[in-house]
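**Student:** I'd like to ask some things about the structure below.
The values are calculated or read from the model by the stated rules, or taken from the named source; none is laboratory data. The structure presented is a predicted model; accordingly, all values stated were derived computationally and were not measured. With ideal geometry, Cβ positions are generated from the backbone for all residues, glycine too; neighbour counts draw on all protein chains shown. For accessibility, only protein heavy atoms count, side chains too; no ligands or nucleic acids. Shrake-Rupley method; radii C 1.70, N 1.55, O 1.52, S 1.80 Å.
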Amino acid sequence: MINIKLNVNGKDYSLEIEEDKRLIDVLREDLRFTGVKEGCSEGECGACSVIMDGRIVNSCLVMAVQANGSSIVTVEGLVKDGELDPVQRAFIEKGATQCGYCTPGFIMAARAFLNRAKDPTREEIREAISGNLCRCTGYNKIVDAIEEAYRYEKGI
Amino acid sequence: MKKRGRGIGLSFYGTGYGNGFPDVSNAWVRLLKDGKIGVYVGGAEVGQGAMTAFVQIAAEALGVPHDRVLLEIEDTLTTPDSGTAAATRQTYNTGNAIKIACENFKEKLKEVAKDILNLNSTAALEVKDGEVYLEIFPQKRVSLEKIADFLGGNILEAEGSFTAQTTKLDPETGQGAPYWPYTFSACGVELEVDTITGQVDILKAVLVQDVGRAVNPHLVEGQMDGGYAMALGYALFEDLNLKRGVMGNRKFSKYLIPTSMDVTELTKIIVEDPESTAPYGAKGIGEPVMIPVTPAILNAIYDATGVRITELPITPEKLAKAFSDFEKEG
């Protein structure tokens, strides 16, 4: 067992965990942030994407000990004072979700991208979410939603 | 060398189980205590938007806003059998069952309203906007809340059942009408082939889908985008690599599905030609949206290179080899 400290969705946690746990295991099993989805378990599908110290990571490829001392945001951390994040709102508005399994990962990838984006083109949006796989939507409505979320945030 | 080509694919698709198989959907509709209406069907939501379509069809049939319809699906304890979410059949079959159940439910509402309003007949009674009223004397009206109050603990409920028309093909002659209804689609693509590397880039794509009537155009578009992307993967990338019954490509790093970078913008055209046997004319489109895309891609590759591809997926390696063989043979 080993002790780690994590800040998840704005709250500090001190945890005693087994050394071989991945970040996704700690988030889902120890802290019950089950919005983090496990897809392929090998960094191909992006369903487990979370934001770690401002960067998008596959939480299945990060060992929990590697995340020690870091700040993590999962999809549960996006709602502020009961208000959906603009990305979440746009996904609903544009119908960017079908079966929904990949959705939390896409929303986190979009959030991390929009935190830095300036007047993003559709091609740049496509590149930003290219680490996330979706079998249902064909991506077009997801790209629509991310464009829309940018407009919400800029008030345009 | 880069070569450009254009291709189209056309398809027609028979929806439902077909070939004489019993293709049945059932629905229940119930008046709830607060005057809202419960709709119960066994049709599964798998992301295609069945729940939205069911609520829309029920709200339309009952003449109430969507938020007065409470849908319960999938739970075998509380819902009747509505068949599988397969064969492009839920909107058509279960939609029909819901519409029939709602119509039966309205007749039952009118019976109760007749008693409450001291009328001698249900003729000319109309159910709309959460009220039952007499069309020829609209002062005579009662809300669904009042009807629920009046009934107390008694349950007002109606059933609807729909069986699709399908006949078994004659095994001797192959004659019959195995499916109804049919739906039609078309796809056109313009692409560029790199004849050295075998890389295919789709430059433009248009998908046209006959839907009878779009219950929810947004959802229809979502299905079209998804079907297009899936067919793109089927044509160009996706290979199980089966060897002696064992899947060789069991990972997303080997079994490649399209990413957001592979899928280009898609022009979507919805064709509405209402189907007379369908709920408000709406036919299913879940599977058909995929069908014409791969032929369109293969026809465009032929147009660009003169090479006829007969094996999928047409990976860069295979296409580069097919083109060099074609050149050698002249």
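**Student:** When the C-alpha atoms of the range B:1-92 are aligned to their principal axes, what extent does each axis show, in angstrom, from largest down?
**Tutor:** Reported extents, whole Å, longest axis first: 71, 33, 21.
**Student:** Now a separate question. Which whole-number percent of Cα pairs in the range B:161-285 have a distance greater than 25 Å? All intermediate terms of the calculation are to be shown ahead of the outcome.
**Tutor:** Numbers: 3743 of 7750 pairs.
Tail fraction, whole percent: 48.
**Student:** Indicate the residues belonging to the range A:83-99 that lose 40 Å² or more of solvent-accessible heavy-atom surface (probe 1.4 Å) upon moving from the chain alone to the assembly of all protein chains, ignoring ligands and nucleic acids.
**Tutor:** Going by heavy-atom accessible area, the residues of the range A:83-99 that drop by at least 40 Å² are A:Gln98.
**Student:** Report the accessible surface area buried between chains A and B, summing both sides, using a 1.4 Å probe on protein heavy atoms only, in Å² rounded to the nearest 100.
**Tutor:** On the way: alone 8340 and 17320 Å², together 23650 Å².
Interface area, both chains combined: 2000 Å², rounded to the nearest 100.
**Student:** Quick one: which of A:Lys37/A:Lys94; A:Lys94/B:Lys283; A:Lys141/B:Lys283; A:Lys80/A:Lys118; A:Lys21/A:Lys141 span more than 31 angstrom between C-alpha atoms? The partial results should precede the final answer.
**Tutor:** Numbers: A:Lys37/A:Lys94 22 Å; A:Lys94/B:Lys283 23 Å; A:Lys141/B:Lys283 22 Å; A:Lys80/A:Lys118 23 Å; A:Lys21/A:Lys141 35 Å.
Over 31 Å apart, Cα to Cα: A:Lys21/A:Lys141.
**Student:** Now a separate question. Dividing the convex hull volume of the alpha carbon atoms of the range A:86-154 by its residue count, what do you get in Å³ per residue? Could the numbers behind the result be given before it?
**Tutor:** Details: hull volume 4.8 nm³, N = 69.
Per-residue hull volume (Cα only) is 70 Å³.
**Student:** Something else now. Using a 1.4 Å probe on the protein chains only, how many percent of the accessible area of chain B belongs to carbon and sulfur? Before the final figure, lay out each step's value.
**Tutor:** On the way: 8680 of 16320 Å².
That fraction is 53 percent.
**Student:** How many angstrom lie between the C-alpha centres of the range B:153-186 and the range B:236-287?
**Tutor:** 24 Å
**Student:** Now for a different question. Applying a 10 Å radius around every beta-carbon, put B:200-209, B:22-31 in order of their mean neighbour count, most first. Each step should come with its number before you reach the end.
**Tutor:** Working: B:200-209: 19.1, B:22-31: 22.2.
Answer by packing, highest mean first, reads B:22-31, B:200-209.
**Student:** What does the charge count near A:Arg89 come to, summing +1 for each Lys or Arg and -1 for each Asp or Glu among other residues with Cβ under 9 Å from its Cβ? Could you put the intermediate results ahead of the total?
**Tutor:** Working: positive: none; negative: A:Glu83, A:Asp85, A:Glu93, A:Glu148.
It works out to a net charge of -4.
**Student:** Suppose each label sits 7 Å from its Cα in the direction of the beta carbon; what would the B:Glu145-A:Asp119 distance come out to in nanometres?
**Tutor:** In this crude label model, B:Glu145 to A:Asp119 measures out at 5.3 nm.
**Student:** Also: Based on the Cα gyration tensor of the range A:2-74, what are the three equivalent ellipsoid semi-axes, each the root of five times an eigenvalue, rounded to whole Å and given largest first? Spell out each step's value before the answer.
**Tutor:** Values: eigenvalues 60, 34, 23 Å².
Equivalent-ellipsoid dimensions as semi-axes: 17, 13, 11 Å.
**Student:** Above 24 angstrom, tally the Cα pairs of chain B and express them as a % of all pairs, no decimals. Mind dumping the intermediate values first?
**Tutor:** Numbers: 34519 of 54285 pairs.
Counting pairs separated by more than 24 Å, the tail of P(r) holds 64 percent.
**Student:** With θ set to phi - 60° and the Karplus curve 6.51 cos²θ - 1.76 cosθ + 1.60, what are the ³J(HN,Hα) couplings of the range B:127-133 in order, to the nearest whole Hz, using x for Gly and Pro?
**Tutor:** 10, 7, 6, x, 9, 10, 9
**Student:** Any idea how far the Cα center of the range B:14-79 sits from the one of the range A:140-156, in Å?
**Tutor:** Taking the Cα centre of each part, the range B:14-79 and the range A:140-156 sit 32 Å apart.
**Student:** Taking the solvent-accessible surface of protein heavy atoms with a 1.4 Å probe, what is the per residue accessible area of the protein assembly as shown in Å²?
**Tutor:** On the way: 23650 Å² over 486 residues.
Normalised by residue count, the accessible surface of the protein assembly as shown is 49 Å².
**Student:** Over the residues of the protein assembly as shown, compute the C-alpha Rg and express it relative to 2.2 N^0.38 Å. The partial results should precede the final answer.
**Tutor:** On the way: Rg = 26.8 Å, N = 486, 2.2 N^0.38 = 23.1 Å.
The reported ratio for this selection is 1.16.
**Student:** Sort B:Thr264, B:Thr84, A:Thr74 from largest to smallest accessible area, using a 1.4 Å probe on the heavy atoms of the protein chains.
**Tutor:** So, going from the largest accessible area down, we get B:Thr84, B:Thr264, A:Thr74.
**Student:** Round to the nearest 10 and report in Å² the accessible area of B:Leu125, as given by a 1.4 Å probe over the protein chains' heavy atoms.
**Tutor:** 10 Å²
**Student:** Given only helices, namely DSSP H runs of n ≥ 4 each adding -39500 (n - 2.57), what is the per-residue ellipticity at 222 nm of chain A, to the nearest 500 deg cm²/dmol?
**Tutor:** On the way: 4 runs with 43 residues, N = 156.
Mean residue ellipticity, 222 nm, calculated: -8500 deg cm²/dmol.
**Student:** If the chain between B:Val271 and B:Lys243 were fully stretched, how many nm would it gain, using 0.36 nm times the residue separation less the Cα-Cα distance? Let's see the in-between values first.
**Tutor:** On the way: separation 28, 0.36 × 28 = 10.08 nm, distance 4.24 nm.
The B:Val271-B:Lys243 span can extend by a further 5.8 nm.
**Student:** Of all alpha-carbon pairs in the range B:24-163, indicate the percentage at a distance above 24 angstrom. Display every interim value, and only then the final one.
**Tutor:** Details: 2850 of 9730 pairs.
Considering the range B:24-163, 29 percent of its Cα-Cα pairs are separated by more than 24 Å.
**Student:** Comparing the chain by itself with all protein chains present, which residues of the range A:118-136 are at least 30 Å² less accessible (probe 1.4 Å)?
**Tutor:** Listed in order, they are A:Arg126, A:Ser130, A:Leu133, A:Arg135.
**Student:** I've got another one for you. At a 1.4 Å probe, what is the % contribution of carbon and sulfur to the accessible area of the range A:86-154?
**Tutor:** Values: 1310 of 2780 Å².
Here carbon and sulfur together make up 47 percent of the probe-accessible area.
**Student:** Hey, another quick one. At a probe radius of 1.4 Å, what is the per-residue accessible area of B:Tyr133, in Å² to the nearest 10?
**Tutor:** Accessible area, nearest 10 Å²: 40 Å².
**Student:** Residues of the range B:222-237 losing 10 Å² or more of accessible surface, assembly versus chain alone, probe 1.4 Å, please list them.
**Tutor:** Those are B:Gly222, B:Gln223, B:Asp225, B:Gly226, B:Ala229, B:Met230, which lose 10 Å² or more relative to the chain on its own.
**Student:** For the range B:129-175, what is the convex hull volume of the alpha-carbon atoms per residue, in Å³?
**Tutor:** Values: hull volume 6.6 nm³, N = 47.
Measuring per residue, one finds 141 Å³ for the Cα hull of the range B:129-175.
**Student:** Now a separate question. Quickly work out the B:Lys328-to-B:Glu74 label distance, labels modelled 7 Å from Cα along the C-beta direction, and quote it in nm with one decimal.
**Tutor:** 5.4 nm
**Student:** How large is ³J(HN,Hα) for each residue in the range B:67-81, as worked out from phi by the Karplus curve 6.51 cos²θ - 1.76 cosθ + 1.60 (θ = phi - 60°), to whole Hz, x for Gly and Pro?
**Tutor:** Coupling constants for the range B:67-81: 6, 8, 9, 10, 9, 10, 10, 6, 7, 5, 6, 10, 10, x, 6 Hz.
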